[in-house]
Amino acid sequence: MRRSCLIALLLPVLAFVVAACGKDEPVRTPVACESGADVWTEALLFRDSRQLEGETPISACIPPDQTAADQEPVGLIATEVASILAAHLQREVPRLRLAADRAYGPGPLGYAEALGYLVGSLERGSNKSQGIHATLVNRVKAAASNRLDSYPEAVQESWQRGYEAGLESG
């Protein structure tokens, strides 16, 4: 009798514990990732670490198992940043300066490297997500590499350097 009472009391507790263990916490996008295109652009062009506020790497903006609702603002910001940087690059290429002069802005090589870094960072983050971010990465890559083939070799090399750095540490 005593044993059956004990089992009757413990059974609901065990059921609760088992049910609680099966529930995953929702994956949240870091707050810095939703800070806006101007913050992302500043980080990519002017911060040595190229990280967002709070030292958040761009790859952290697309965590595995991210919901579509959380993915949408990040995708919009990343695409906007790629479009902004690509427009600057297109304007700067005719005035190609082999050494970026920060006093006058990053120059075409700085823009190209920032674009490559953005794509590499997003690919780094998406490698852990089993494909749910593929469309986001493809859209950003399309905006970030628009007309890249038509630019001088120095610009293409700079884009590639940024891309590889993004894959490594983005």
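Summed over segment 88-115, the residues that are among the aromatic types (Phe, Trp, Tyr) and modelled with pLDDT of 85 or more give a count of 1.
Residues in segment 121-150 that are over 17 Å from THR79 (Cβ atoms) and modelled with pLDDT under 90: ASN127, LYS128, SER129, GLN130, GLY131.
Here GLU42 meets each of (1) modelled with pLDDT under 85; (2) more than 14 Å from the chain's Cα centre (by Cα); (3) among the acidic types (Asp, Glu) with one exception, condition (1). Looking at the structure I just gave you, is LEU118 under 13 Å from the mean Cα position of the chain (by Cα) and modelled with pLDDT of 80 or more? Answer is yes for this residue.
If you filter segment 150-164 down to residues that are over 15 Å from PRO106 (Cβ atoms), part of a helix (DSSP H, G or I) and touching a residue at least 24 places away in the same chain (Cβ under 8 Å), you find that the one that is farthest from the chain's Cα centre (by Cα) is GLN156. Residue count for segment 35-81 satisfying the condition of being surrounded by fewer than 16 Cβ atoms within 10 Å (Cβ to Cβ) and basic (Lys, Arg): 1.
The values are calculated or read from the model by the stated rules, or taken from the named source; none is laboratory data. Fair warning: this is a prediction, and the values are worked out from it, not measured in the lab. Here the Cβ is made from the backbone with ideal geometry for all residues, glycine too, and neighbour counts use every protein chain on show.
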